[in-house]
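Please treat every number below as a calculation from the coordinates, not as lab data. Since the structure is predicted, the reported quantities are computational estimates derived from the model, not experimental observations. We place every Cβ from the backbone using ideal geometry, glycine too, and count neighbours over all the protein chains shown.
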């Protein structure tokens, strides 16, 4: 929505995003916190011995990523967020018996493939952002497409599921 309303300011922020250390740390922190909770809750009975390792290991892993992999951290953290969202989408779609659940399922798997690609080659994402944010027209088209997908998913969520 911001790209449709104020494309110049949105473009300015988006062009800085792939190399943003602040956004990388914030997004990776969110991912680490969610993974921390999910892994801790998953370690039941047979895996109860792993809980202390999880309590220490996830923050240490976060610190190691921040220290030794700062290049394109924001892009890679966005890919991790996309994987977590795809997991939630698949969990929600599995609860439904309707054939329309396949729309969300296919979209989730497309997000997984995109997240893998983004993680492997974040410089391509930087180039794509540069292409779509080259001028106000392209910015509005890209943001309009994203808004359209969001509206379709919202309609599916409200009226189908």
* Sequence-separation-based contact order of the chain, relative, with Cα cut under 8 Å and 6+ spacing, percent -> 33
* Using 12 Å as the cut-off for backbone N distance, which residues of the stretch 108-150 belong to the label zone defined by a point 7 Å from the Cα of residue 96 along Cα→Cβ? -> 108
* **Mean ellipticity per residue at 222 nm, deg cm²/dmol - from DSSP H runs of n ≥ 4 across the chain, formula -39500 (n - 2.57)** => -26000 deg cm²/dmol
